[in-house]
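In what follows, a structure is listed as structure tokens, so that the remarks can point back to it.
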Amino acid sequence: MGTQRGLSLIPAGKTVFLDANIFLYEVFNHPNFGDGSYRILKDVEEGILNGVTSTLVLDEVLFKMILMEASNKFQISLKDTVSFLKKNPKNIPLLENSWKDIQRIQRIENLTIKGITPMIFESSVEIAKTNMLLTHDASHLAVMQSGGIIDIATNDADFDRIKGIKVWRP
């Protein structure tokens with residue numbers, strides 16, 4: 001099916017799996033991909049597209065938002081944020097933007113959030129091996145397959161080699 005450029009070119013009515021980078025580009029207002037990511041999320045919110053993501057994607061998004069916010073707020077390098085927060089856990093609740101942004105994402109109208117069930121996890125193990133994917137990407141593909149979804153909005157080139165899906169890039 002292949003790779004398509006331009007999230008704005010996704011035909012109305014499609015059901016699209018949203019990968020973590022789409023949410024992160026929007027939250028952090030990425031200079032190249034922020035606008036396109038905002039537009040696809042707006043299209044989902046307005047019912048032009050049906051958005052699907054997973055609890056695993058949201059976990060990835062929240063973790064990266066926490067790292068970025070902690071790095072900025074406490075003026076530490078990004079690579080030191082995990083050890084800093086583990087040594088100073090009282091600072092975790094202070095990351096207000098991360099908590100606010102993940103709630104905002106969870107409340108997007110027409111965004112279905114699917115869990116990683118034991119059956120989906122089992123499927124993802126096989127998908128990882130047969131498609132040479134790392135585990136998170138395999139889980140995303142397993143969620144997609146469980147819902148009959150063939151479109152994914154992502155900037156992850158690993159999905160380009162998966163037959164039977166269409167990759168939409170910002």
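Hey, which aspartates and glutamates would be in cross-link range of Lys90, C-alpha to C-alpha under 19 Å, not counting anything within fewer than 8 residues on its own chain?
Glu69, Asp80
Students often get this wrong: which residues of the stretch 101-128 have the backbone nitrogen under 20 Å from the point 7 angstrom along Cα-to-C-beta of Leu58?
Answer for this model: 101-121.
Determine the calculated [θ] at 222 nm for the chain from helices alone, applying -39500 (n - 2.57) to every DSSP H run no shorter than 4 residues and normalising by the residue count; nearest 500 deg cm²/dmol.
-15000 deg cm²/dmol
Each label point is 7 Å from the Cα along the Cα-to-Cβ direction; what then is the distance between the points at Asp35 and Trp99, in nm?
Between Asp35 and Trp99, the label points sit 3.5 nm apart.
Over 19 Å between Cα atoms: which of Lys64/Lys86; Lys129/Lys163; Lys14/Lys42; Lys64/Lys100; Lys64/Lys163; Lys14/Lys129 fall into that group?
Those over the limit are Lys64/Lys163; Lys14/Lys129.
Using only Cα atoms, locate the centre of the stretch 140-157 and the centre of the stretch 90-122, then give the distance between them in Å, rounded to an integer.
Here the two parts' Cα centres lie 18 Å apart.
Given a cut-off of under 8 Å on Cα pairs at least six residues apart, what relative contact order in percent is computed for the chain? Provide the component values of the computation, followed by the final result.
Working: 241 pairs, mean separation 59.9, N = 170.
Relative contact order, the chain: 35 percent.
Order the peptides 126-134, 47-55, 143-151, 74-82 from the highest to the lowest mean number of other Cβ atoms within 10 Å of their residues.
47-55, 143-151, 126-134, 74-82
Just round it to a whole percent: the fraction of Cα-Cα distances in the chain exceeding 29 Å.
Across the chain, Cα pairs with separations above 29 Å total 23 percent.
If you take the beta carbon distance between Val125 and Lys86 as r and set R0 to 30 Å, what does 1/(1 + (r/R0)^6) give as a FRET efficiency, to the nearest 0.05?
Working: r = 29 Å, r/R0 = 0.97.
About 0.55, to the nearest 0.05.
Could you check the simple spin-label distance between Ser77 and Lys163, using points 7 Å along Cα→Cβ, in nm with one decimal?
Label-label distance for Ser77 and Lys163, simple model: 4.5 nm.
Quick query: amide H of Thr15 versus all other amide H atoms, modeled in the peptide plane; which residues come in under 5 Å with a sequence gap of 5 or more or a different chain?
Placed amide hydrogens put Asn50 under 5 Å from Thr15.
Computed from the coordinates by the stated procedures, all read-outs in this text should not be read as laboratory data. Every value quoted in this text rests on a predicted model; they were computed, and no experiment measured them. Please note: Cβ atoms are built from the backbone with ideal geometry, for glycine as well, and neighbour counts cover all protein chains shown.
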